[in-house]
1. Which one, TYR102, MET80, VAL60, projects farthest toward the positive side of the charge dipole computed for segment 35-105 from Cβ point charges (K/R +1, D/E -1)?
2. For segment 60-107, what is the charge dipole size about the Cα centre, in debye to the nearest 20, if Lys and Arg each add +1 at the Cβ and Asp and Glu each add -1 at the Cβ?
3. Compute and list, largest first, the equivalent-ellipsoid semi-axes of segment 35-105 from the alpha carbon gyration tensor, each √(5λ) rounded to a whole angstrom.
Amino acid sequence: MKKLIALSAISIAFFALNASAKLGSQVNVQYAGDLGYKNFCEAVVKDDVNMLKRSVRNKVGLVASNSQAVLKKLIASDGMECNGIDLVSFSEQRKASRVYQYLSNAK
């Protein structure tokens, strides 16, 4: 019985460690600068196109008059940066394939 309990505890610890290792890249992300735009970088980190689209819609009226214009300004060469590089390059660097494809098509 003691061996079974010990084996179970080791298995649980191993799976918890494995899960945290997979999530590590998202947990250790820190934002600097204008936190009102952090969702764009977070969308790339999570490779979440829907989050990116919501973030673009939330900036309509602040950045530009419609979603397409907001997106164009954000991906322009002098537009938004994550980790010191433009949004498209950041998505390519993070291997966020869905976001990268969406941003590349928007260019």
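1. VAL60
2. 200 debye
3. 17, 12, 11
Throughout, read-outs are computed from the coordinates displayed, never taken from laboratory work. Everything numeric here is computed off the predicted structure, so don't read it as measured data. Positions of Cβ are generated from backbone atoms using ideal geometry, with glycine treated the same way; all protein chains shown enter the neighbour counts.
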